[in-house]
1. Go through (1) at pLDDT 95 or above; (2) under 14 Å from the mean Cα position of the chain (by Cα) for residue 47 and report which single condition fails.
2. Is it true that residue 76 is within 15 Å of the chain's Cα centre (by Cα), surrounded by 16 or more Cβ atoms within 10 Å (Cβ to Cβ), modelled with pLDDT of 95 or more and on the phi > 0 side of the Ramachandran plot?
3. For the stretch 223-230, does any single residue satisfy the condition of being at positive phi and either at pLDDT below 95 or surrounded by fewer than 19 Cβ atoms within 10 Å (Cβ to Cβ) (or both)?
4. Could you tell me which numbered condition residue 39 fails, if it satisfies all but one of (1) buried (at least 23 other Cβ atoms within 10 Å of the Cβ); (2) under 19 Å from residue 227 (Cβ atoms); (3) modelled with pLDDT of 95 or more?
5. Restricting the search to the stretch 50-74, which residues are part of a loop (DSSP other than H, G, I, E, B) and either under 15 Å from residue 213 (Cα atoms) or in contact (Cβ under 8 Å) with a residue 24 or more places away in the chain (or both)?
6. Taking the condition of being assigned to a strand (DSSP E or B), without any contact (Cβ under 8 Å) to a residue 24 or more places away in the chain and under 19 Å from the mean Cα position of the chain (by Cα), how many residues in the stretch 108-144 meet it?
7. Restricting to the stretch 186-219, what's the tally of residues that are within 15 Å of the chain's Cα centre (by Cα), closer than 17 Å to residue 75 by Cβ and buried (at least 19 other Cβ atoms within 10 Å of the Cβ)?
8. Give me the residue from the stretch 60-73 that is farther than 21 Å from residue 195 by Cβ and modelled with pLDDT of 95 or more and, out of that set, surrounded by the most Cβ atoms within 10 Å (Cβ to Cβ).
């Protein structure tokens, strides 16, 4: 009996570390805005984006008349860490060139301009030379936005992690809160919506589009409506639609 008990304990203890990092509760019940991207399959590097807003009677309605095209990770998709249930496929890892799939909160907008485009009303942070976003899994601030003035002395690693300035693709960065609560080292960092570098240029994990379409999303976002991002292959979206009460595409 003692041997059986010890064996059972070891089996429980040696479960893959990712088994408990997904939430099983539907956290979208109070969400009133969704940015949805669907793809053909897990290897897709392109997707179709639609924005939805919940009406007063609780039904989802498209916010824009038509969808628009986005580019994704050059190596397709892998499950991210967010507000969704456990997935059976492997997880996104740092540097794997895949976009995190799942359901995620949408964070602040970051940019170099003094303010957001006219007509936007959303939390905004202006990037300066004092801003960094850490993508080093060995750094205690992994996948966090940090500022140099929060340290008595600027760390040696700060310059290598500093947010890029003067890059047209990073004119606006909308944070996709993958692996953020709290960050788990090595499971992916610095995931954003931002401007694409070209009509066929894939990413290392971000979701990118034209500047015009990115600014349409920024104008759509309303913090009071708790916006979330959903990125899933069509088959997965259909399977999860009932549990999360997702919009009909």
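The values are calculated or read from the model by the stated rules, or taken from the named source; none is laboratory data. These figures come from a predicted structure and were not determined experimentally. So basically every Cβ, Gly included, is an ideal-geometry build from the backbone, and we count neighbours across all protein chains shown.
1. (2)
2. Numbers: within 15 Å of the chain's Cα centre (by Cα): yes; surrounded by 16 or more Cβ atoms within 10 Å (Cβ to Cβ): yes; modelled with pLDDT of 95 or more: yes; on the phi > 0 side of the Ramachandran plot: yes.
The answer is yes for residue 76.
3. First pass over the stretch 223-230, keeping only residues at positive phi: 226.
Next, only the ones that are either at pLDDT below 95 or surrounded by fewer than 19 Cβ atoms within 10 Å (Cβ to Cβ) (or both) stay: 226.
Yes, that holds for at least one residue.
4. Of everything listed in (1) buried (at least 23 other Cβ atoms within 10 Å of the Cβ); (2) under 19 Å from residue 227 (Cβ atoms); (3) modelled with pLDDT of 95 or more, residue 39 misses just condition (2).
5. As a first pass, look at the stretch 50-74 and keep what is part of a loop (DSSP other than H, G, I, E, B): 55-59, 63-67, 72, 74.
Residues satisfying the conditions are 63, 64, 65, 66, 67, 72, 74.
6. Taking the stretch 108-144 and keeping what is assigned to a strand (DSSP E or B), we get 108-111, 124-126, 131-133.
Next cut, without any contact (Cβ under 8 Å) to a residue 24 or more places away in the chain only: 124-126.
Pick out the ones that are also under 19 Å from the mean Cα position of the chain (by Cα) and you get 124-125.
Going through the stretch 108-144 one residue at a time, the tally reaches 2.
7. Summing the residues that are within 15 Å of the chain's Cα centre (by Cα), closer than 17 Å to residue 75 by Cβ and buried (at least 19 other Cβ atoms within 10 Å of the Cβ) in the stretch 186-219 gives 10.
8. Our first condition is that a residue be farther than 21 Å from residue 195 by Cβ; within the stretch 60-73, this holds for 60-62, 65.
Going one step further and asking which of them are modelled with pLDDT of 95 or more, we end up with 60-62.
On the way: 60: 18, 61: 11, 62: 15.
Of everything passing the filter in the stretch 60-73, 60 is surrounded by the most Cβ atoms within 10 Å (Cβ to Cβ).
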